[in-house]
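To keep things clear, I will list the structure first and then write my remarks on it.
The values are calculated or read from the model by the stated rules, or taken from the named source; none is laboratory data. Keep in mind the model is a prediction, meaning the values are calculated, not measured. We place every Cβ from the backbone using ideal geometry, glycine too, and count neighbours over all the protein chains shown.
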Amino acid sequence: MPRRPPKKPDPALDLTWHLLALSALPCPLTPAALFPAAPNAAVELEVGSGKGLFLASASTAAPDRCFLGVEISGGYARMCAGKLARAHANNARIIHGDANLLVRSLLPNACLTGVHVYFPDPWWKARHRKRRVLSDLFLQHAGRVLAPGGLLHIWTDVEEYFDEAVAAAVGTQSFAAPEEETVEPAQHDLDYRTHFERRTRLAGEPVWRARLKRSEAPAAVARVEFPENSQSEPQSPDA
Ligand SMILES: C[S@@+](CC[C@H](N)C(=O)[O-])C[C@H]1O[C@@H](n2cnc3c(N)ncnc32)[C@H](O)[C@@H]1O
């Protein structure tokens, strides 16, 4: 399904708090340091936040937790920041940048209680598959940055991507067996985890959902030091 271009936030909104540039962040980055008003709060990360429905609803529903999003598209990162600013969500911020760089290089071990990946771009063409965000390496680092007992959530409408990603996550040996996540019928127009979940369910199409708990085993990989990474930005296939 093609995506509409992101809406520009109201220029009167001050996005200073909600919108961060990955290139301006310290390395290593302690996520809790981004929420100085709640230094002991648990922090959860959403990868590929798109229009920001998850960050906005989760931060409102759980004011005692902090939510960090990372979004590679500048337009969507700004749209998301605008949504958080309008909601006065002081426990949520969005980073404009590449989730791979953030998770592999900036985040220290065991610094998050949740990693959420909803409807990652499927990159259908065989030659583009290496761009999928749920790669073996990403999943190894997801296991590294999650604290023991932390949860990795994977939801997608692409069954083959789901099966591969869940098998790869289990293969890292950092996660217990996946548990299925279930949803109730929506009670209102925005009662969905994300915008992509909304449009998939409204179209009557299936969604695959799993939650994997970080095991007690020590992290198997080490944080990747700069400058091994680049900040190249692959285009979204349907942007
Ligand atoms: C299909 S959309 C899903 C958006 C949202 N999660 C939802 O379910 O509505 C995938 C999103 O991931 C973002 N994305 C893709 N690769 C990324 C990366 N490496 N780092 C951060 N965001 C990424 C895209 O720009 C896009 O906004």
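Considering only segment 89-134, state which residues are within 14 Å of the ligand (Cβ to nearest atom), among the β-branched types (Val, Ile, Thr) and not in a loop (DSSP other than H, G, I, E, B). Explain how you work it out, then say what you get.
So in segment 89-134, the residues within 14 Å of the ligand (Cβ to nearest atom) come out as 94-107, 115-124, 128-134.
In the following step, the residues that additionally are among the β-branched types (Val, Ile, Thr) were identified as 94-95, 103, 115, 117, 133.
ILE94, ILE95, VAL103, VAL115, VAL117, listed by residue number.
The lone criterion from (1) out of contact with any His (no Cβ under 6 Å at 6 or more places or on another chain); (2) closer than 22 Å to ARG199 by Cα left unmet by LEU84 is number (1).
For segment 184-228, residues that are free of Cβ contacts under 8 Å to residues at least 12 places away in the same chain, within 16 Å of the ligand (Cβ to nearest atom) and within 27 Å of CYS111 (Cα to Cα) total 0. Taking the numbered list (1) farther than 26 Å from ARG104 by Cα; (2) surrounded by 15 or more Cβ atoms within 10 Å (Cβ to Cβ) in turn, SER174 passes all entries but (1). Scanning segment 155-169 for residues that are under 14 Å from ASP136 (Cβ atoms) and of a type in the set (A, V, I, L, M), we see that the one that is surrounded by the fewest Cβ atoms within 10 Å (Cβ to Cβ) is ALA167. Of all the residues in segment 111-126, those that are modelled with pLDDT of 95 or more and small (Gly, Ala, Ser) number 1.
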